[in-house]
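First comes the structure, then the notes that go with it.
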Amino acid sequence: MSPNIRNIAILGSTGSVGRNSLEVIRNLLGQFRVTYLATNKNIDLLQQQVTEFKPRGVAVLDESNGSTLRQRIGNTVEVLTGEDGFLEITRRDDVDIVISSLVGFAGLKPTIEAIMHRKTVALANKETLVAAGEIIMSLVREYGVGLIPIDSEHSAILQCLMGEDRSRIARLILTASGGPFLKKTKEELRSVSVDEALNHPNWKMGSKITVDSATLMNKGLEVIEAHWIFGLPAEKIEVVIHPQSIIHSMVEFVDGSIKAQLGLPDMKIPIQFALTYPNRFSLNGGRVDFAQLGSMTFFKPDRERFRCLQLATDALLLGGTAPAVMNAANEVAVDAFLNRKISFNRIPELIDRTLSSHKPKKSPELADILEADRSARTFAVSTI
């Protein structure tokens with residue numbers, strides 16, 4: 001193997017980001033080798049990925065499914081199971097880059113483990129920074145590792161800041177499509193269905209992030225993520241609705257100049273940039289046709305109709321363990337909505353109630369974050 005080939009572990013290889021990551025790796029022949037793949041329970045797709053990419057090992061969070069996979073593939077590939085299996089992958093010497101694309105709070109511990117073993121982290125799991133941003137960024141500095149965002153908005157900001165003096169930033173402007181319910185009234189939001197919420201107009205994503213996009217919680221999480229990645233206070237991070245999803249985010253500098261990163265809504269673009277940063281390589285796909293696009297529109301988000309955006313901002317301002325509690329409550333609420341236990345409009349109600357019940361602990365350690373997450377989930381479930 002060429003010494004220039006970098007070894008990659010993908011946590012969440014069967015999800016949307018994981019599948020797109022493998023497409024990117026196919027395109028970058030000879031630059032990367034997939035050494036480990038990990039999934040929660042989708043062993044059918046994982047088995048197909050093993051056949052094509054021939055990793056040295058895989059991890060399956062669900063131990064029963066892991067045993068089934070082990071029976072299917074025999075001794076051809078090492079099969080690890082449970083949370084320990086995920087953590088073990090991030091420690092291995094034959095891993096240079098960890099793509100962290102697990103859904104929700106489950107991504108926190110493996111991301112920490114990857115950083116502490118000096119792996120470059122390509123981060124798609126925004127909840128990790130939302131819940132424990134202070135801890136994560138402190139570890140990134142301590143271990144001197146790269147943490148490159150995969151989210152299209154933060155990738156856009158990173159691209160806009162290349163060659164710039166970060167002390168000259170006036171504000172960050174995160175764009176949001178507005179989701180499928182942009183034009184619905186507060187009353188109409190009471191009766192929207194799960195299928196409607198999962199029908200995003202621009203992006204093809206997993207179910208949890210798609211619902212988060214519909215509530216605008218996704219943008220709230222991204223505000224917190226931007227705060228930690230780029231070191232700016234909440235008042236310098238703004239959100240603007242941009243339904244066309246062509247401008248992925250913008251940076252305004254102290255002289256009034258604004259830089260924006262544009263492109264079609266295709267997750268392969270920020271994934272490839274994260275893997276090859278700071279270099280660029282050819283990527284097959286569509287291109288923006290400005291004449292056909294005709295126009296781009298922008299307007300302020302309605303924080304009363306879409307309360308989740310404000311709740312996330314409130315959690316950031318409260319600080320400490322508050323964002324972890326807000327995130328936990330959101331995960332419980334979204335899961336309940338997807339399982340048709342609560343209505344769409346009850347998602348922010350459940351989050352608000354859980355966050356209001358919590359007294360944030362400042363400068364939390366990891367144990368504090370884990371306890372805040374546990375207790376918030378218990379409280380949120382009890383209110384369903």
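Bear in mind these aren't lab numbers, they're just calculated from the coordinates by the rules spelled out. Quick caveat: nothing in here was measured; it's all calculated off a predicted structure. Ideal geometry is used to build each Cβ from the backbone, glycine not excepted, and the neighbour counts take in all protein chains shown.
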Open item on the list: Can you compute the modelled spin-label distance between Glu164 and Lys359, with each label point 7 Å from Cα toward Cβ, in nm?
Closed with: 4.2
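From the cross-link list Lys54/Lys268; Lys183/Lys341; Lys186/Lys359; Lys126/Lys361; Lys219/Lys259; Lys109/Lys219, which pairs have alpha carbons spaced over 28 Å apart? All intermediate terms of the calculation are to be shown ahead of the outcome.
On the way: Lys54/Lys268 22 Å; Lys183/Lys341 25 Å; Lys186/Lys359 30 Å; Lys126/Lys361 21 Å; Lys219/Lys259 20 Å; Lys109/Lys219 23 Å.
Flagged as over cut-off: Lys186/Lys359.
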Task: Average Cα contact separation per residue, the chain, under 8 Å, 6 or more apart, as relative contact order % - done: 14
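Only Cα pairs under 8 Å and at least 6 apart count here; give the relative contact order of region 1-155 as a rounded whole percent.
Numbers: 281 pairs, mean separation 31.1, N = 155.
About 20 percent, as a whole number.
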Open item on the list: Could you give each residue of region 268-284 its phi-based ³J(HN,Hα) in whole Hz, using Karplus coefficients 6.51, -1.76, 1.60 with θ = phi - 60°, and x for Gly or Pro?
Closed with: 5, 5, x, 5, 5, 4, 5, 6, 10, 3, x, 8, 10, 9, 4, 9, 5
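Can you compute the FRET efficiency between Asn4 and Asp84 using 1/(1 + (r/R0)^6), with r the Cβ-Cβ distance and R0 = 35 Å? Round to the nearest 0.05. Can you show the working numbers first?
Values: r = 32 Å, r/R0 = 0.91.
Using R0 = 35 Å, I get an efficiency of 0.65.
What does the charge dipole of region 190-293 about its Cα centre add up to, to the nearest 20 debye, if the Cβ of each Lys and Arg holds +1 and the Cβ of each Asp and Glu holds -1? Kindly include the intermediate steps, with their values, before the conclusion.
On the way: 9 positive and 11 negative charges, 58 e Å.
In debye, rounded to 20, region 190-293 gives about 280.
Go ahead and estimate [θ] at 222 nm for the chain from helices alone: -39,500 (n - 2.57) per DSSP H run with n ≥ 4, summed, over the residue count, rounded to 500.
Working: 16 runs with 178 residues, N = 384.
Calculated at 222 nm, the ellipticity per residue is -14000 deg cm²/dmol.
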Open item on the list: In whole Hz and in residue order, list the ³J(HN,Hα) couplings for region 324-339 that follow from phi through the Karplus curve 6.51 cos²θ - 1.76 cosθ + 1.60, θ = phi - 60°; x for Gly and Pro.
Closed with: 5, 5, 4, 5, 4, 5, 5, 4, 5, 5, 5, 4, 5, 5, 4, 8
Task: Distance in nm between pseudo-label sites at Ile384 and Arg303 (7 Å out along the Cβ direction from Cα) - done: 3.0
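With a sphere of radius 11 Å drawn around the Cβ of Val77, what net charge do the other residues whose Cβ falls strictly inside it have (Lys, Arg +1; Asp, Glu -1)? Working shown, then result.
Values: positive: Lys54, Arg56, Arg70, Arg72; negative: Glu78.
In short, +3.
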Open item on the list: Compute the distance from the alpha-carbon center of region 164-198 to that of region 23-95, in whole Å.
Closed with: 34
TODO: For the chain, just the Cα set please: Rg and Dmax, both in angstrom.
DONE: 20.2, 63
Open item on the list: For region 297-378, what does the relative contact order come out to in percent, with C-alpha contacts under 8 Å and a separation of six or more?
Closed with: 37
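Per the Kirkwood formula on distinct C-alpha pairs, the Rh of region 1-87 is how many angstrom?
Values: mean 1/r = 0.0776 Å⁻¹.
By the Kirkwood definition, the hydrodynamic radius is 12.9 Å.
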TODO: Give the value in nm², to one decimal: projected area of the alpha carbon convex hull of region 6-149, averaged over all directions.
DONE: 7.6
Open item on the list: Can you sort Arg19, Arg72, Arg287 from fewest to most other Cβ atoms within 10 Å of each residue's own Cβ?
Closed with: Arg287, Arg72, Arg19
Task: Cα-based radius of gyration of region 74-205 once divided by 2.2 N^0.38 Å, which approximates compact folds - done: 1.33
Task: For region 228-307, alpha-carbon Rg and Dmax in angstrom - done: 15.2, 43
Task: Of all DSSP beta bridges in the chain, antiparallel share, percent nearest 5 - done: 25
TODO: Sticking with the crude label model, points 7 Å out along Cα→Cβ, report the distance from Glu188 to Met116 in nm, one decimal please.
DONE: 5.0
